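Following: one structure in structure tokens, then a few remarks.
The values are calculated or read from the model by the stated rules, or taken from the named source; none is laboratory data. Remember, it's a predicted structure, so these values are computed and weren't measured experimentally. No Cβ is skipped: glycine too gets one built from the backbone with ideal geometry, and neighbour counts run over all protein chains shown. With ligands, DNA and RNA removed, areas are computed over all heavy atoms of the protein, side chains included. Shrake-Rupley method; radii C 1.70, N 1.55, O 1.52, S 1.80 Å.
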There are 2 protein chains.
Amino acid sequence: MNAAQTALLAALRPVLGDRGIVTDPDLIAPWEIDWRRRFHGHAPAILAPADTAQVQAVLRAAGEHRVPLVPQGGNSSMVGGATPPQDGAALILSTRRMNHIRRIDAEGGVAVAEAGVILGDLHDAAEAQGWRFPLTLGAKGNATVGGLASTNAGGTQVLRFGTMRGLTLGIEAVLPDGSLHDGLSALKKDNRGYDLGQLLIGAEGTLGVVTAAALRLAPAIAGHATAWVGLSDPAAGLALLRRLQAASDMIESFEILPAESLAAAVAHLPGARAPLEGAHPWHVLIEAVTGDPAVDPSAMLEAQLGRALADGVIADAVIAASDAQAEAFWLLRHSLSDAERALGPAVQHDIAVPVDAMPRFMVEAAAACDARFPGTHASGFGHLGDGNIHFHVRAAPGTDRDRFYAEQAATITRFVHDLVTAAGGTISAEHGIGQMKRDELARLSPERVAAIRAIKRALDPHGLFNPGKLIACA
Amino acid sequence: MNAAQTALLAALRPVLGDRGIVTDPDLIAPWEIDWRRRFHGHAPAILAPADTAQVQAVLRAAGEHRVPLVPQGGNSSMVGGATPPQDGAALILSTRRMNHIRRIDAEGGVAVAEAGVILGDLHDAAEAQGWRFPLTLGAKGNATVGGLASTNAGGTQVLRFGTMRGLTLGIEAVLPDGSLHDGLSALKKDNRGYDLGQLLIGAEGTLGVVTAAALRLAPAIAGHATAWVGLSDPAAGLALLRRLQAASDMIESFEILPAESLAAAVAHLPGARAPLEGAHPWHVLIEAVTGDPAVDPSAMLEAQLGRALADGVIADAVIAASDAQAEAFWLLRHSLSDAERALGPAVQHDIAVPVDAMPRFMVEAAAACDARFPGTHASGFGHLGDGNIHFHVRAAPGTDRDRFYAEQAATITRFVHDLVTAAGGTISAEHGIGQMKRDELARLSPERVAAIRAIKRALDPHGLFNPGKLIACA
């Protein structure tokens, strides 16, 4: 611990108390490694304020003592976004003690949750009041409201409800100078200059600390239906999606995967089997959900899929006959990443292009990769309706794992990112930039990074907030 | 014209040509006065680039020569936001020549329109393709896409479709350094750091120039119904709104007005009459709209209003029997401002509080104003469903107009703004800050202004963009 850090802890002990300052290395260790275990950092202490006023005190004191801070919620970043730097210069500011749901407005459908509220707990609290919070993702047992807002998180329901930005009515945050941005009153119209709440959403903790959010809820689920569809190519998938969206506003998930991904999942999961009898080059998993008890999503899917079958848009389809079957379908989807990992080393890319361009991109980008890197195999699966897929390039069979990551991965990633950029797309659809994509962002979008850097310096002139994430330290 | 301006025009003449540089004072004059004719500025020239590349050239040259620019679309700001400063130091950068709709995606429901496209023209173009752009306001014959985005405009359909921010899928803009922010590819997910498009929406031209926007369209109107309702107080109005919203997603406008405002409108409009026979303290104008030919908004309103009548929520209601009658209802609403102006001098306030708090605020704030300023009369009307009303305080009968504005108006406005701030509200719901509310924003929200100023300096270090708007010149 350096002298500035020691002085900061001494100044903060009367404010935070013993519970609010963690210096035991064993208790800190799990929070120094990222979710994917790729980035190993070091922080001599964790500061854990209990409320917004304590966050303000921490930020003011850290500013005085010039101690960098890494805001951290569930530490479930996919890009090393919440892991401290290796040099030990920064302390972790954990929001985990700020885990109160301040209120749920059961009439208006709004929840105000503190930054440390875990997504799964928010789901439960909303459900208990007859609502639901319609954003979910694999890390829902860890990810927190503050992190979800700071990374503009997505997930499998974006198609219908949008990302975290679309679900956020207002943000409470402490800016680097310790001032409070109170945007929680959830005004439907407010034109008082730059929207600081919008700036903080997706800022990855580089402009201060989100302390709470006012969140839009959706009506509780009254009925749902899950379908599995076999089809010839991604273009047919998009055509099906457009039909379904024209017929109904119930389509909440529309996930595409190639036959090889399905085969990998079936092989990976004990006792699993493919939902359809025949072989199909591509598959789609569809979830239709309604909050209206008078509407039947199953009947809607049956009618629409029947028509699509008759019109030759799709090759086969089955609607889950029970909740258990629906869960089995979803388990196949959720195990894709693990299943593919079992096939050998691969580099993964969280990319998006405009929705209409995605079917063609999926096919052409995979072919271009395969041609450019002989022996490797590229494919994508994911959120076709959002124009967002996880695009994986697997090493040639027999390639040594460490050598692949050390010698080939970065070259492959640059190639994929160039393809995405040429298609008007993004190198980060959902996961943010963090540490992992920082240099690629600088390479591909220097003007964007210049604007980001200027804003960052304006609000955080000493570079104390989440140093090294999003942009390199100055 | 000062030396820097002369040098700038010389540098730009080869780029913009004669059509792109206006120096005739008679042609400039209409653009030096604001919409409400309260702010009189002076600009020695108007620069009128024809495309985005020309805007980049203008901004680079203006940066070199340190010439301030006032971006201007239709000059329909309600807060003097697009009027040049009086000292003649700034030139107007008009977007009016950039009036092309680049494309309308008739399948996906997206329009890409340049900054100078007039709102009414966008309405027509969308309609011609079987869609509509669901944002409208009084100045639709003048207001442009760039100005609507830069002020996050609202209007009478916000209840259902949100403000301009909610309708904007992406922004193309030129930043003060001349770099292009190309956010038009309309990615549904993009997490590459701070959302510059969101920052530019509502920035009032102080961070560069919006050159185009990708905009979400709504299905063309298949049917609509208009109702006029009499009720006892604003709380009953909100109760009715909640019932209608629970029953249907068709409620697009929900405008409240007191009996005295209706009386003023009826007196002001030749041949007009009140929609209901009896006298009611408060009135609501409702518009229900559907894009689905199978749905009957009239039947829905009839059923719901009948039930509300039976339950004692409302006192009387009538549904327009023809388009002509519906237009007559709306004409009453749209003439409220003119009608009230005819009653004598008044100060107007474009304010919002949380929706649930508005009924009480309307009644209590009016009473507080009347008590504090004896002889004056306060009342509000407008977008109850958005928590946004136009709150007017009329001078005591017989007060001299000029004396009222010179001696009383500012004091009254500060009093009203204090009430709004205490209620967790905003002093600008729709109109922005511009010149008119700049000092009030600084008085009431010094920390917000500090953050705005820091960001402004970061992106516009020489203070060249729309100087004196939003924040005072440094």
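Per-residue ellipticity at 222 nm computed for chain A from its helices equals -10500 deg cm²/dmol, with DSSP H segments shorter than 4 residues left out and the rest contributing -39,500 (n - 2.57).
Remark: chain A carries a charge dipole of roughly 1100 debye about the Cα centre, counting +1 on each Lys and Arg Cβ and -1 on each Asp and Glu Cβ. Scaled to the globular estimate 2.2 N^0.38 Å, the Cα spread of the stretch A:378-474, given as radius of gyration, is 1.27. Think of each Lys and Arg Cβ as +1 and each Asp and Glu Cβ as -1; about the Cα centre, that makes the dipole of the stretch A:101-219 roughly 360 debye. Backbone amide hydrogens, once placed in the peptide plane, bring B:Ala153 within less than 5 Å of B:Met164, excluding anything fewer than 5 places away on its chain. Ligands, DNA and RNA are left out, and with a 1.4 angstrom probe the accessible area of the protein assembly as shown is 38 Å² per residue. In the complete set of protein chains, residue-level accessible area for A:Lys188 is approximately 90 Å², probe 1.4 angstrom. Give the distance, in whole Å, between the Cα centre of the stretch A:91-107 and the Cα centre of the stretch B:1-52. Value for the Cα centre distance between the two parts: 52 Å. For B:His181, nonlocal amide neighbours, meaning residues 5 or more places apart or on other chains whose placed amide H falls under 5 Å from its own, are B:Ala173, B:Val174, B:Leu175.
Placing a label point 7 Å from Cα along the Cα-to-Cβ axis, A:Pro281 is separated from the same position in the other copies by 7.0 nm, shortest listed first.
Label points for B:Arg103 are taken 7 Å from Cα along Cα→Cβ. From this copy to the others they lie 4.6 nm apart, shortest first. Peptide B:448-456 shows a mean partner chain C-beta count of 6 within 10 Å per residue C-beta.
Over all projection directions, the Cα-based convex hull of the stretch A:3-97 averages an area of 5.5 nm².
Per-residue Cβ counts within 10 Å, from other chains only, averaged over B:172-182: what number is that?
The mean count of partner-chain Cβ atoms within 10 Å per residue comes to 2.
Inter-copy label distances at B:Ala367, using a point 7 Å along Cα-to-Cβ, come to 7.4 nm with the shortest given first. For B:Lys188, the aspartates and glutamates whose Cα comes closer than 12 Å to its Cα, not counting residues fewer than 8 places off in the same chain, are A:Asp356, A:Asp386, A:Glu430. Among B:Cys369, A:Ala317, B:Ser94, which residue has its Cα positioned farthest towards the positive end of the charge dipole of the protein assembly as shown, with +1 placed on the Cβ of Lys and Arg, -1 on the Cβ of Asp and Glu, and the dipole taken about the Cα centre? The one lying farthest along the dipole's positive direction is B:Ser94.
Within the accessible surface of chain A, defined with a 1.4 Å probe on protein heavy atoms only, the carbon and sulfur portion equals 52 percent. Here the relative contact order of the stretch B:223-337, from alpha carbon pairs under 8 Å that lie six or more residues apart, stands at 46 percent. Surface listing: B:Glu447, A:Glu260 arranged by accessible area from highest to lowest gives B:Glu447, A:Glu260, probe 1.4 Å.
Remark: accessible area buried at the B-A interface is about 5000 Å², both chains counted, probe radius 1.4 Å. Looking at the calculated P(r) for the stretch A:101-219, what percent of the C-alpha pair distances fall above 26 Å? I get 12 percent for the Cα pairs in the stretch A:101-219 exceeding 26 Å.
Net charge dipole, the protein assembly as shown: roughly 2120 debye, given to the nearest 20, about the Cα centre with Cβ charges of +1 for Lys and Arg and -1 for Asp and Glu. Give the separation of the Cα centroids, the stretch B:390-457 to the stretch A:425-474, in Å. About 37 Å separates the Cα centre of the stretch B:390-457 from the one of the stretch A:425-474. Taking a straight Cα-Cα cut-off under 19 Å and skipping sequence neighbours fewer than 8 places away in the same chain, the lysines within cross-link reach of B:Lys189 are A:Lys437. The relative contact order of chain B, computed from alpha carbon pairs under 8 Å that lie at least 6 residues apart in sequence, is 15 percent. What percent do you get for the relative contact order of the stretch B:326-439 when only Cα pairs under 8 Å and 6+ apart count? About 34 percent, as a whole number.
Taking a straight line from the alpha carbon of B:Lys456, these aspartates and glutamates sit under 13 Å away, with near neighbours fewer than eight places off in the same chain left out: A:Asp195, B:Asp177, B:Glu204. The listed peptides A:82-89, B:323-330, ordered by packing as a protection proxy, come out as A:82-89, B:323-330 (highest mean of other Cβ atoms within 10 Å first).
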